[in-house]
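Asks: Quick one: this structure, given as structure tokens, is what I'll be asking you about.
Please treat every number below as a calculation from the coordinates, not as lab data. What you see is a predicted model; the values in this text were computed from it and never measured. With ideal geometry, Cβ positions are generated from the backbone for all residues, glycine too; neighbour counts draw on all protein chains shown.
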Amino acid sequence: MSSLSTILQDIASLPSDRAMGIPGAFYTDEEYFHEEVETILRRGWHSLGRVDEIPNSGDFFTAQLLNEPLLIVRQSDAEIVVLANVCRHRGMPLAEGTGSTKRFICSYHAWTYDLDGILLRAPRMKNAGFESKNCGLYRHNSHIWNGFIYVNLSAEVKPFEHPSLTDLLSNYETEKFKLAHVEEEIWNTNWKCLVENFMEGYHLSVVHPETLHDYTPTGLARKLLTGYGFTSYAANYPKNTPQRGLGGPNLTEDERLRSTLFSIFPTQVVSQAASLLVSLSIFPLNAGQIKVKWTLSTYSNDLDESTIADRVALWQKVNQEDREKLERLQVSLSSYHAGSGPLAEDDYEGTIRDFQLWLAAHYQTKE
Ligand code: FES
Ligand SMILES: [Fe+2]
């Protein structure tokens with residue numbers, strides 16, 4: 001166990017009313033990042049996007065999670081699978097970007113796979129050691145929950161189980177939200193910084209004075225449910241806020257008057273409102289860089305096209321405001337003086353504490 005991991009355990013064992021942040025090295029040290037890849041990232045469930053990005057059989061999109069190129073495909077029976085985007089001949093990726101196909105033909109020597117990853121054809125292969133049935137594409141463990149597609153890169157995977165979060169969200173009918181926008185960007189920040197930033201209400205009024213302060217001021221942020229592997233808080237709206245789409249019929253007054261922000265550790269952060277669902281999937285590239293894929297979805301036909309365009313523009317602005325702060329933060333986190341600072345109380349930064357406890361538990365058990 002590295003000395004940084006020992007520091008993490010010490011910070012996690014502080015009483016919760018004296019919680020402290022973790023020092024800068026946790027966000028900048030490449031060696032520690034490699035430890036995280038093995039202990040946390042390769043063993044966790046990661047959101048890759050929404051099921052309605054690939055509505056029809058043969059539709060696919062690709063992703064790169066850590067060192068693994070992934071091919072996410074809707075099969076003929078409508079099931080979604082996550083395959084290794086790595087040809088079984090000599091390792092070429094089989095597809096790029098997004099698209100729709102009946103089969104995947106490798107661009108190098110034309111080995112051909114069906115939508116299940118079964119090898120259909122390998123031209124001129126007479127080698128006695130070749131058996132087509134042993135050359136299917138590797139299939140990763142995947143799971144669908146609330147319209148999100150998840151993958152776990154570990155072969156010994158713990159099941160994806162979040163019953164209390166499922167209950168918290170049930171009235172929103174998250175699975176019914178329809179995709180309106182997808183965007184990908186590279187941010188120069190550590191993956192944990194974005195999880196922490198998205199999940200704390202403390203910065204809302206300071207960083208987003210024009211975009212979010214009127215909707216979700218810091219002073220109204222309230223911690224919600226936490227459980228193993230997730231945390232959440234309510235970004236409450238002021239009482240006089242006009243209704244922004246009705247959302248599901250079972251939503252309570254409280255649920256309509258807030259955005260429910262949650263994170264499924266380690267890399268997904270989400271804002272769930274009555275009519276709007278924004279999810280960020282974080283793909284860590286190295287200690288100081290991530291790819292962010294974010295999707296914006298709307299409830300049923302609640303919002304018209306121009307309102308959706310306004311919401312997309314608003315979220316682009318909000319994300320840029322956060323990105324600008326996080327990229328500056330990443331530079332100063334390398335400082336010798338970027339130590340462990342006190343966290344604000346539960347309603348504002350208790351979610352950061354939840355994340356910390358989860359990180360520490362993973363290092364302790366190495367599960
Ligand atoms: S690497 Fe794919 S066919 Fe050769
Ligand atoms: Fe923010």
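Asks: Scan around LEU70 for amide H atoms under 5 Å from its own, H built in the peptide plane at 1.01 Å from N, and keep only partners 5 or more places away or cross-chain.
Replies: The answer is ALA63, GLN64, LEU65, ASN85.
Asks: Hey, what do the phi angles of the range 282-293 turn into as Karplus ³J(HN,Hα) couplings, whole Hz, using 6.51/-1.76/1.60 and θ = phi - 60°, x for Gly and Pro?
Replies: Working through the residues one at a time gives 9, 10, x, 9, 7, 4, x, 8, 9, 9, 10, 10 Hz.
Asks: Let me ask something else about it. What translational diffusion coefficient, to the nearest whole µm²/s, does the chain have by Stokes-Einstein, given a Kirkwood radius computed over alpha-carbon pairs, a temperature of 37 °C and 0.692 mPa s viscosity? Display every interim value, and only then the final one.
Replies: On the way: Rh = 21.8 Å.
My calculation gives 151 µm²/s for D.
Asks: Under 5 Å between amide H atoms, partner at least 5 residues away or on a different chain: which partners does THR231 have, H built in plane at 1.01 Å?
Replies: When sequence neighbours closer than 5 places are left aside, the close amide H contacts are SER263, PHE265.
Asks: So which trypsin sites (Lys or Arg not before Pro) in the range 232-262 pass both tests, a DSSP loop state and at most 16 other Cβ atoms within 10 Å of the Cβ?
Replies: LYS239
Asks: What does the net charge come to around PHE148 if you take all other residues with beta carbon closer than 11 Å to its beta carbon, with K and R at +1 and D and E at -1?
Replies: Combined, the nearby Lys, Arg, Asp and Glu give -2.
Asks: Right, next: Could you list ARG323, ARG121 in order of exposure, starting from the residue whose Cβ has the fewest other Cβ atoms within 10 Å?
Replies: By the 10 Å Cβ count, ascending, the order reads ARG121, ARG323.
Asks: What is the local net charge at THR231, summed over the other residues whose Cβ is closer than 12 Å to its Cβ (Lys, Arg +1; Asp, Glu -1)?
Replies: My count for the surroundings of THR231 gives -3.
Asks: Continuing with this model, one more query. Which whole-number percent is the relative contact order of the chain (Cα, under 8 Å, 6+ apart)?
Replies: 22
Asks: Determine the distance separating the Cα centre of the range 306-359 from the Cα centre of the range 53-130; give it in Å without decimals.
Replies: 36
Asks: While we're here: Can you check how the C-alpha radius of gyration of the range 56-152 compares to 2.2 N^0.38 Å, as a plain ratio?
Replies: 1.07
Asks: What ³J(HN,Hα) values, in whole Hz, does the Karplus curve 6.51 cos²θ - 1.76 cosθ + 1.60 give for the range 219-230 when θ = phi - 60°, with x put for Gly and Pro?
Replies: Per residue, the Karplus-derived 3J(HN,Hα) values read x, 9, 5, 9, 5, 10, 5, 10, x, 5, x, 7 Hz.
Asks: Now, a different point. Semi-axes of the equivalent ellipsoid for the range 234-367, please: Cα gyration tensor eigenvalues, times 5, square-rooted, ordered largest first, whole Å.
Replies: 31, 19, 16
Asks: Straight-line reach from LYS293: which lysines have a Cα under 23 Å away, not including same-chain ones fewer than 8 places off?
Replies: Hits, sequence-local ones excluded: LYS176, LYS178, LYS192, LYS317, LYS325.
Asks: If you don't mind, there's one more thing I want to ask. By the gyration tensor of its Cα atoms, with a ≥ b ≥ c the square roots of the eigenvalues, what is the shape of the range 216-257: rounded for a/c under 1.5, prolate for a/b over b/c, or oblate?
Replies: The shape class here is oblate.
Asks: So, with +1 on the Cβ of K and R and -1 on the Cβ of D and E, and no other charges, what is the size of the charge dipole of the range 56-152 about its Cα centre, to the nearest 20 debye?
Replies: On the way: 10 positive and 8 negative charges, 96 e Å.
Computed about the Cα centre, the dipole is about 460 debye.
Asks: Work out, step by step, the length gained on full extension between LYS102 and ARG90: first 0.36 nm times the residue separation, then minus their alpha carbon distance; give nm to one decimal.
Replies: Roughly 2.1 nm would be gained on extension.
Asks: Putting +1 on Lys and Arg Cβ atoms and -1 on Asp and Glu Cβ atoms, find which of THR252, LEU115, GLY229 reaches farthest to the positive end of the dipole of the chain.
Replies: Ranked along the dipole, the leading option is LEU115.
Asks: Right, another one. Tell me the mean residue ellipticity at 222 nm calculated for the chain from its helices only (DSSP H runs of n ≥ 4, each -39500 (n - 2.57), averaged over every residue, nearest 500).
Replies: -7500 deg cm²/dmol
Asks: In percent, how large is the relative contact order of the range 56-152, given Cα pairs closer than 8 Å and 6 or more residues apart? Kindly include the intermediate steps, with their values, before the conclusion.
Replies: Details: 191 pairs, mean separation 21.5, N = 97.
Relative contact order for the range 56-152 comes out at 22 percent.
Asks: Please compute the alpha carbon radius of gyration of the range 103-158, then divide it by the globular-protein estimate 2.2 N^0.38 Å. Two decimals is fine. Kindly include the intermediate steps, with their values, before the conclusion.
Replies: Working: Rg = 14.9 Å, N = 56, 2.2 N^0.38 = 10.2 Å.
Its radius of gyration relative to the 2.2 N^0.38 Å reference: 1.47.
Asks: What is the Cα coordinate range of the range 121-194 on the first, second and third principal axes, sorted by size from largest, in whole angstrom?
Replies: 57, 33, 28 Å, listed from the longest principal axis down.
Asks: Now for a different question. Between LYS133 and ASP304, 0.36 nm times their residue separation minus their Cα-Cα distance comes to what?
Replies: Contour length minus the Cα-Cα distance gives 56.6 nm.
Asks: While we're on this one: Which order results if LEU277, LEU329 are arranged by neighbouring Cβ count within 10 Å, fewest first? Numbers along the way, then the final one.
Replies: Details: LEU277 28, LEU329 17.
Lowest count first: LEU329, LEU277.
Asks: Oh, and also: If we count every other residue with Cβ under 13 angstrom of ILE352's Cβ, Lys/Arg +1 and Asp/Glu -1, where does the sum land? Don't jump to the answer; show the numbers that get you there.
Replies: Numbers: positive: LYS192, LYS223, ARG353; negative: GLU196, GLU200, GLU345, ASP346, ASP347, GLU349, ASP354.
Summing Lys/Arg as +1 and Asp/Glu as -1 gives -4.
Asks: Among MET125, MET199, which comes first, then next, by fewest other beta-carbon atoms within 10 Å?
Replies: MET125, MET199
Asks: Another question, if that's okay. List the residues, sorted by chain then number, that are 5 or more residues from ALA221 or on another chain and whose placed amide H is less than 5 Å from its amide H.
Replies: Long-range HN contacts for ALA221: ASN236.
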